[in-house]
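The structure appears right after this line, and notes come after that.
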Amino acid sequence: MSPLEEAERRRTFAIISHPDAGKTTLTEKLLLYSGFLTAGAGAVKAKQGRRAATSDWMEMEQQRGISITSTVVQFPYADKVMNLLDTPGHRDFSEDTFRVLAAADAAIMVLDAAKGIEPQTRKLFEVCRDREIPIVTFINKWDRPGLDALALLDQIEETLVLEPAPITWPVGYAGNFKGVIDRRSGDFVRYTRTDRGATVAPEEVVPSGVAKVEEGEEWEAATDGIELLDAIGRSFDFERFVSGYQTPVYFGSALTNFGVRMMLEGLADVVPAPSPRLDATGNPRPLEAPFSGLVFKVQANMDKSHRDRIAFLRVCSGRFERGMVVTHEPTGKPFATKYAHSVQGQDRQTVDEAFPGDVVGLVNANDFRVGDAVYLDEPVTWPEIPTFAPNHFRLARVADTSRSKQFRSGIAQLDEEGVVQVLRRAGVGDLEPILGAVGPLQFEVASHRLENEFGAPMVLRPTSFTLARRTNAVSADFLRGRRSAEVVERRDGELLALFDSSYALAALERDFPELKLEKLVAEG
Ligand code: G4P
């Protein structure tokens, strides 16, 4: 098949949710329904010692039961090839999610039926909106008491300014779930409870005439709901979905498997196939152009038995073949792709061939950074992936000066991976940088990794800084002479001014309007 035909079969998506809404459970169940995971054969996340890990790798993740890193699972479904990108579960790592979303064509937003839109759902949704990623909604935990279905739709519409278009509609309320009506066929799919959903749930499809008699009042209520949706135009429209105005909605219970098959079918149906990616000048790179890829994640030491560094890239055009020599755009250097892998947790498999939408992990691509392009024959540069504004700051220092060298290289590595932002102070040298983060858990990860992977424990001290602004050399010179700001330099050469409070910043802006103090993107 040609790259174009292969691209047409790809469905590349990520799952986002507020912690505990059911992202991990839904991921497992999508794999179960695709036939990729057999019951009990290993689940996605090690949580409270319950599950075996295939997608988490770090000791700390296992101890804390959180997912920090992300990998990709590829599985066939019907005639499609699904690429499910894992995103970190915790809000402190939303910048990492942002980078992963650079490689996705859609995201599934999982909501807990009892909680609706939660703070983290909203934040991640905004990240999706920034990246112009279409969103499919899965309303989970319908097996237990929750909010009313119409109230949930209202929440989506009001808080996210996103039009919900249910594809399935529940019969019975949350906690007294009878099944869903598939709005496209009109059929009723009856809910059958399965014990923790270890196996694919039996599904009973009941014609509407029979369901009407059997379900009585609840059927009436559900069909009234559908009539209302029809009347107000809440029906799925692909164009509105891909342009970010509408979200198709599915109801279900990932734990008991209900609604998972319909969700999976829906993903195969509605997630857009990869399309030509715009380059830095705004020109689309055709899918059939020679191979090109975008580096969206760099990760070192994922596995103790492979102490190496992997750059994950999404194929954007053409055919990737292992062994091909590609050009790394920023350096212009050739790179031989001899060690190309797919990585799922600890497992690595050689990838011989990949197409637009697929993800390839390149081992020892040491010069590769997030946002870089690699290509064959026809050069390409991708638009920059913006860095988030840090709003937590710590002073870092090596605990044992005999480990300074390891500290330096460890800090540089973590900076390149985006685990923390390393902010250097002029005249202080790189042994006492300020570390910036979007969330404080990032510091814990950095400390843990410095100690365990580089043998360089660090001491972190609090600072009073709470916000950063981009500045320039002239303003920086002025600011260095003042006590209300600290000037630091980021790895990309950008100068940032750090402030204790928005008052300090506002006072400075008022007194010295000529200073350059620009807001950074995605400020929390
Ligand atoms: P996350 O990745 O989004 O953080 O959520 P995760 O899948 O880990 O699910 C969080 C909790 O919600 C888990 O319970 C899980 O079993 C439960 N859950 C997920 N989907 C459903 C559902 O459809 N219905 C119900 N009733 N519960 C659901 P836990 O108590 O944290 O873990 P466990 O004791 O069940 O293992």
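The values are calculated or read from the model by the stated rules, or taken from the named source; none is laboratory data. Note that this is a predicted model, so its numbers are computed, not measured. Methodologically, a virtual Cβ is constructed for each residue, glycine included, from the backbone with ideal geometry; neighbour enumeration extends over all protein chains shown. Side chains are part of the model used for accessible areas, which takes the heavy atoms of the whole protein and leaves out ligands, DNA and RNA. Shrake-Rupley method; radii C 1.70, N 1.55, O 1.52, S 1.80 Å.
Here are the numbers for this structure:
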read-out	value
Estimated dipole of the range 392-511 in Debye, rounded to 20 [Cβ of Lys and Arg +1, of Asp and Glu -1, Cα centre]	280 debye
Accessible surface, the chain, averaged per residue in Å² (probe 1.4 Å)	41 Å²
Inter-label distance, nm, simple model (7 Å from Cα along the C-beta direction), Asp79/Asn452	4.5 nm
Counted charge near Trp219, where neighbours are those whose Cβ lies closer than 11 Å (Asp, Glu -1; Lys, Arg +1)	-4
Taking the chain and dividing mean pair separation by its residue count, relative contact order in percent (alpha carbons under 8 Å, at least six apart)	13 percent
Environment charge of Arg11, counting only residues whose C-beta is closer than 13 Å and scoring Lys/Arg +1, Asp/Glu -1	-4
Exposure rank, largest accessible area first [Arg11, Arg184; 1.4 Å]	Arg184, Arg11
Per-residue ³J(HN,Hα) for the range 415-429, Karplus 6.51 cos²θ - 1.76 cosθ + 1.60, θ = phi - 60°, Hz, x for Gly and Pro	5, 5, 6, x, 5, 9, 9, 9, 10, 9, 9, 4, x, 9, x
Accessible area of Phe98 in the full protein assembly, 1.4 Å probe (Å², nearest 10)	10 Å²
Additional length obtainable on full extension of the chain from Asp187 to Thr463, 0.36 nm per residue less Cα span	93.4 nm
In sequence order, calculated HN-Hα J values of the range 433-444 (Karplus, 6.51, -1.76, 1.60; Hz; x Gly/Pro)	x, 9, 9, x, 8, 7, x, x, 4, 4, 5, 4
Length-normalised contact order for the range 73-180 - Cα pairs under 8 Å, 6+ apart - percent	22 percent
Charge-dipole axis of the range 277-375 as Lys and Arg at +1 and Asp and Glu at -1 on Cβ define it, positive-most pick from Met324, Asn364, Asn283	Asn364
Surface share of carbon and sulfur [accessible, 1.4 angstrom probe, percent] for the chain	49 percent
Protection proxy ranking, peptides 409-415, 234-240, average beta carbon neighbours within 10 Å, highest first	409-415, 234-240
Accessible surface of Glu416 - all protein chains present, 1.4 Å probe, nearest 10 Å²	40 Å²
Gained length - Glu132 relative to Arg491, 0.36 nm times residue gap less alpha-carbon distance	126.5 nm
Segment Ala151-Ala231, extension gain: residue separation times 0.36 nm, minus the distance between their alpha carbons	27.1 nm
In Å², nearest 10: area of Lys141 left accessible to a 1.4 Å probe	40 Å²
Distance (nanometres) between label positions extended 7 Å along Cα→Cβ at Thr331 and Glu158	5.4 nm
Per-residue ³J(HN,Hα) for the range 102-110, Karplus 6.51 cos²θ - 1.76 cosθ + 1.60, θ = phi - 60°, Hz, x for Gly and Pro	5, 9, 9, 9, 6, 10, 9, 9, 9
Summed residue charge, Cβ within 13 Å of Arg129's Cβ, Lys/Arg positive, Asp/Glu negative	0
